[in-house]
Ligand SMILES: [Fe+2]
């Protein structure tokens, strides 16, 4: 894939034909990692292990539920509402864009990152902030390449991303002792589409699976690459030429696995529309993101008395996810796998 490494997509804004075709046709693509970026990710993996290895009472000082703007330690208590997911098997550390004094919009996800104390905390902060800035640049380059592919001006995406609500997560999986037998085949992270423009995902071991054309879950490659996953905002922006992809962490994820997604978001108040040909559809990114985060975080649900998940109508599945499930089921010839594909769509 000439011109397709993280280094030169970011530095030179090169359109990578393979990457764009795969994003269009499958909703995901591998992007080879250059040596320097791989080393930077592995330093973050090391910092992540040192942070997660601490006793819970230390991590709880940085608990996301006590934070300004939704960042910090995500304990296993913050289990999302996914009926294909077994007992919560991971913890996370969430890092966002730091609010600037001249930011135009106040919102629930605006705030400043919190970091552990001491030398380890300083090292985590330095490497995480550098990675956040780098991935911001890389995502701008990928966004420009996607705009070129769609035949629209790069500014049409960039103006939606002037102070984007993006997030970098460190996620570590662990064993669940005595998991009930009915949970053995459940996903380690339930199936979903990502809510932003796209995601750049690093994994230090296999685990992320996407729903393939034939309705089977397949592992995406992890060695020497990051995976770019199409998110919901790109589905809208491209008028469906790119489709957000259903993915999950499979049931066989090993304890100690670390995954590091970067969610390339839009401005909180951005109204995302079809940039290729106007179709009258628009979606406010902040509203969509917060709705989905309430599904994922009990503390956000509890903070909003008006938010009710209607379990009878399947409201916990977004319209993007419903469409992705429908496409997968439509492409699957045998009727039998439907329950396996989409247990929450089967009565
Ligand atoms: Fe995801």
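For the reader, a short list of remarks on this structure follows.
- For the stretch 194-215, filtering for residues that are near the ligand (Cβ under 10 Å from one of its atoms) and under 8 Å from the mean Cα position of the chain (by Cα) leaves 5.
- Residue that is nearest to residue 254 (Cα to Cα) [pool: residues in the stretch 95-110 that are touching a strand residue (DSSP E or B) at 6+ places or on another chain (Cβ under 7 Å) and surrounded by 21 or more Cβ atoms within 10 Å (Cβ to Cβ)]: 95
- Where residue 169 falls short, out of the listed (1) within 16 Å of the ligand (Cβ to nearest atom); (2) buried (at least 21 other Cβ atoms within 10 Å of the Cβ); (3) under 24 Å from residue 267 (Cα atoms): (2)
- Pair list, Cβ under 9 Å, 6 or more apart: the stretch 280-291 residue at positive phi, other residue modelled with pLDDT of 95 or more: 280/273; 280/274
- Which numbered condition residue 44 misses (of (1) in a helix (DSSP H, G or I); (2) free of Cβ contacts under 8 Å to residues at least 40 places away in the same chain): (2)
- The condition of being in a loop (DSSP other than H, G, I, E, B), more than 17 Å from the chain's Cα centre (by Cα) and within 25 Å of residue 236 (Cα to Cα) holds for only one of 108, 145, that being 108.
- Just so you know, in the stretch 55-85 the residues that are farther than 25 Å from residue 108 by Cβ and touching a residue at least 60 places away in the same chain (Cβ under 8 Å) include one that is surrounded by the most Cβ atoms within 10 Å (Cβ to Cβ), and it is 84.
- In the stretch 94-114, the residues that are without any contact (Cβ under 8 Å) to a residue 24 or more places away in the chain form Cβ pairs under 7 Å with partners that are surrounded by fewer than 20 Cβ atoms within 10 Å (Cβ to Cβ) and in a loop (DSSP other than H, G, I, E, B), at six or more places apart or across chains, as follows: 98/112.
- Tally of residues being free of Cβ contacts under 8 Å to residues at least 24 places away in the same chain, within 16 Å of the ligand (Cβ to nearest atom) and within 26 Å of residue 39 (Cα to Cα) across the stretch 216-232: 1
- Filter pass, residue 235 being touching a helix residue (DSSP H, G or I) at 6+ places or on another chain (Cβ under 9 Å) and within 15 Å of the ligand (Cβ to nearest atom): yes
- Residues of the stretch 256-276 satisfying the condition of being away from the ligand (no atom under 16 Å from the Cβ), more than 23 Å from residue 26 (Cα to Cα) and in contact with a strand residue (DSSP E or B) (Cβ under 6 Å, 6 or more places away or on another chain): 271
The values are calculated or read from the model by the stated rules, or taken from the named source; none is laboratory data. Keep in mind it's a predicted model, so treat the numbers as computed, not measured. Ideal geometry is used to build each Cβ from the backbone, glycine not excepted, and the neighbour counts take in all protein chains shown.
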